[in-house]
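Working notes, beginning with the structure itself.
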Amino acid sequence: AVLFAIGVFVALILILWLFSQVFGLTASHHTVAHNTFYFQLAIILSTLSIILLVYLLFSYIKIYLSDTTNFTLGLLLLIATLLAHAITSSPLFYSTLGFGPMNGPFSFIPLIFTTLSAAILIYLTRQ
């Protein structure tokens, strides 16, 4: 299982690297680094992720208060960590703290996964 996880991780890194090479999205590409589209997309995705995760957090707190199980507590912790990721990876968060904005096409990729995770959990919660 550990070797499979390492293999999946290495394959994902190689796919991302290949994607960046095919589309010319390298760190030395100065036109990509100054493109505001990626920054705006990251703001939109991070805000959507935060909204979805706050909804999930309140939904699972309500469930946990009515039925205190370890599974629900685990889901609460998962949602809390996803929410922390969404907040700390938000361009508004690190810009507010005085750091320069992450830019480029890979600045929003983690937010895609967080948004999808939140959407999947909302789907499962509504069932």
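The values are calculated or read from the model by the stated rules, or taken from the named source; none is laboratory data. Just so we're clear, the structure is a prediction, and the values are computed from it rather than from any experiment. No Cβ is skipped: glycine too gets one built from the backbone with ideal geometry, and neighbour counts run over all protein chains shown. Quick note on the areas: whole protein, heavy atoms, side chains included, nothing else; ligands and nucleic acids left out. Shrake-Rupley method; radii C 1.70, N 1.55, O 1.52, S 1.80 Å.
Values computed for the structure shown
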item: Filtered residue count, the stretch 51-97, keeping only those that are open to solvent by 80 Å² or more (accessible area, probe 1.4 Å) and either among the charged types (D, E, K, R) or closer than 17 Å to I120 by Cβ (or both); result: 7
item: Enumerated helices (runs of 4 or more DSSP H) restricted to the stretch 1-68, each holding at least 1 residues that are at pLDDT below 85 and within 19 Å of the chain's Cα centre (by Cα); result: 2-22, 36-66
